[in-house]
Amino acid sequence: MIFRDRLVFDESYRPRRLLVRGQEASMLISRYRSRLADMAGFTDVSLIYGSIGRVGIGKTTVAWYVGKNVEEMARANGINLKYVYLNVFGAPSLHQILSVIADQLGLGVSIRGSSAIEALKFIVDHLYRRDTFLLVTLDEFQSLLLSPKMPEDDLYMLLRVYEEIPSKDGINRISFLLVASDHRVMAYMRERIPQVESQIGFRVHLKAYTSEELKIILRQRAEEGLEPEAWDDRLINMIAEYFGDDKGGDGSARKAILTLRSAAELAEAQGAHRILEEHVRKAISESALSYVPIEDLRRLPQHHLFILLALAELGIERGDWGTTGELREKYEEVCERYGQAPRGHTQFHSYLRELSTLGLIELRLSGKGMRGRTSLMRLPPEIPLDRMKEVLEAVIKEKGGEDWS
Ligand SMILES: Nc1ncnc2c1ncn2[C@@H]1O[C@H](COP(=O)(O)OP(=O)(O)O)[C@@H](O)[C@H]1O
Ligand SMILES: [Mg+2]
C-alpha cells in the first residue's frame with residue numbers, strides 16, 4: 001500500500017496547519033483580531049500578493065487559512081463572524097460579487113432584481129440585525145483592477161461600504177483580505193482607487209518557495225497521505241531541490257505536491273511496496289516535459305481559453321511571436337468555431353493582461369517600427385503547443401458555459 005489518504009493530494013485539499021508561511025498568517029490573524037476587539041472599526045483591507053506568473057506559492061492557501069482561523073477565533077470568543085472566499089478572476093460585476101456574498105451569508109432574500117447599492121444595503125442590514133461580522137477574500141483581485149468594465153465607483157462602494165451605507169449602530173462589520181498575483185497591484189490601486197490604497201493595513205509579499213520550505217510542505221503531505229513505509233526523506237528532498245526557487249526551480253508548492261503524487265501513483269501502478277528514486281525521476285521528467293498547466297486552465301473563463309487556443313494555433317501555424325492583430329483575427333475565428341460572439345477590443349486587451357499576470361502568455365513590446373510600438377505575444381517556451389491545443393479543446397468542452405464573463 002502506497003496511499004493512506006489520496007485526498008491529501010487533491011488540489012482542493014487545505015492543510016490544517018501551516019508549517020510554512022505560518023508567521024505571515026499569524027500576523028494577519030492578529031490584525032483582524034485586534035480590529036474585531038476595537039468595536040467601531042472592523043473595516044480593514046489587507047493584501048497578500050505575489051509576483052507575476054508565480055502560481056502555487058501559497059497565496060490562496062494563506063488567505064483561506066487566515067479566514068478560517070479568524071472565523072474560529074471569533075466563535076471561541078462568542079462573536080459571529082463569517083468568512084467568505086471568492087475568486088474574481090475574469091472580473092465579475094459588483095452585482096455578481098454581491099450575490100455570492102449574499103448567498104453565502106444566507107441572506108434569505110433574493111437580490112436578483114435589485115441594484116448593487118440596494119443589495120449592499122440588504123447585506124449591511126443583515127449583518128447589523130444578526131450582529132455578524134464579515135471577512136471577505138477577493139482572490140485574483142488584480143482582475144477587477146485591470147477590467148475596463150469595473151468602474152472605480154463600484155470598487156469604492158464595495159471596499160468602503162460604510163462611507164456609502166453607514167450601519168444603524170455605527171459599528172462597521174466588513175473587512176477584506178485581498179489576494180493578487182501581480183506585484184503591480186499597488187500601482188494599479190494607487191491609480192484607480194487611491195483612497196483604498198492609502199488605507200491598506202498589512203501588505204504581505206509572498207515569494208516563491210525555497211527547497212527547504214518545499215521539504216517541509218512535502219513531508220507534511222507525505223505524513224498525512226502516504227503509508228509510513230512507502231516514502232522517505234531522500235525522495236522528498238529530491239523533489240524539493242528540483243522545484244526550489246533557490247535551486248533554479250519555480251518555487252511552486254503545487255508542482256512539487258503534484259510530482260510527489262505522480263511518483264506515488266507510478267509506484268502503485270507497478271505494484272511496488274514503496275516509492276523508489278526511479279519513480280521520482282520519472283515523475284519529475286514528466287512534469288518537465290509535458291508541462292501543460294491543466295489545473296490553471298480549468299479555472300479560466302471561456303474567452304480566456306479561446307485566446308489561449310488562438311495563440312496555440314497561431315504558434316503551430318507559424319511559430320515566433322504574434323502581434324495583437326494576428327491574435328485578434330485568430331481569436332475571432334475560434335469564437336466563430338464555438339458559436340460565441342467575440343469580446344470587444346478593450347475587454348480582449350484586459351484578458352491578455354490577465355493571462356500574462358498568470359504567466360500563461362508572454363507579452364513584450366516590439367522594437368520601434370513604422371507605426372510605433374506594438375505588443376507581441378506567445379505561449380511560454382516550456383509549453384508544447386500541440387499538447388496545449390488538445391488540452392484546451394478538452395477543457396473548453398468540459399466547461400460548457402457557466403462563466404462570470
Ligand atoms: N505553506 C503551505 N503549506 C502547505 N501546503 C501549501 C502551502 N502553500 C501552498 N500549499 C499547497 O500548494 C498548492 C498551491 O497553493 P496556492 O495557495 O493555491 O498557490 P497560489 O494561490 O499562490 O497559486 C495548494 O495545493 C496548497 O495546498
Ligand atoms: Mg491562488
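No value in this document is a laboratory result; all are computed from the given coordinates. As the structure is a computational prediction, the values presented were derived from the model and not from experiment. Don't worry about glycine lacking a Cβ; one is built from the backbone with ideal geometry, like all the others, and counts go over all protein chains shown.
Could you list, in their original order, any pairs among 282/397; 121/168; 82/149; 59/389; 149/207 whose Cα atoms are separated by more than 22 Å? All intermediate terms of the calculation are to be shown ahead of the outcome.
Working: 282/397 30 Å; 121/168 11 Å; 82/149 29 Å; 59/389 28 Å; 149/207 31 Å.
Beyond 22 Å: 282/397; 82/149; 59/389; 149/207.
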Could you rank the peptides 315-328, 173-186 by their average count of other C-beta atoms within 10 Å per residue, with the highest value first? 173-186, 315-328
May I ask you to work out the translational diffusion coefficient for segment 18-205 at 37 °C, viscosity 0.692 mPa s, via Stokes-Einstein with Rh from the Kirkwood sum over Cα pairs, reported in whole µm²/s? 197 µm²/s
Just subtract the alpha-carbon distance of residue 386 and residue 398 from 0.36 nm times their residue separation and send over the number in nm, one decimal. 2.5 nm
Projected-area average for segment 211-289 over all orientations - Cα convex hull basis, square nanometres: 4.5 nm²
Plugging the Cβ-Cβ distance of residue 216 and residue 323 into 1/(1 + (r/R0)^6) at R0 = 51 Å yields, to the nearest 0.05, a FRET efficiency of 0.70
Determine Rg/Rh for the chain; Rg is computed over alpha-carbon atoms and Rh is the Kirkwood hydrodynamic estimate from the same atoms. 0.99
Could you give me the percent of Cα pairs per 5 Å distance bin for segment 295-399, shortest bin first, beginning at zero and ending with the bin that holds the maximum distance? 2, 12, 25, 27, 20, 9, 3, 1, 0
Determine the calculated [θ] at 222 nm for the chain from helices alone, applying -39500 (n - 2.57) to every DSSP H run no shorter than 4 residues and normalising by the residue count; nearest 500 deg cm²/dmol. -16000 deg cm²/dmol
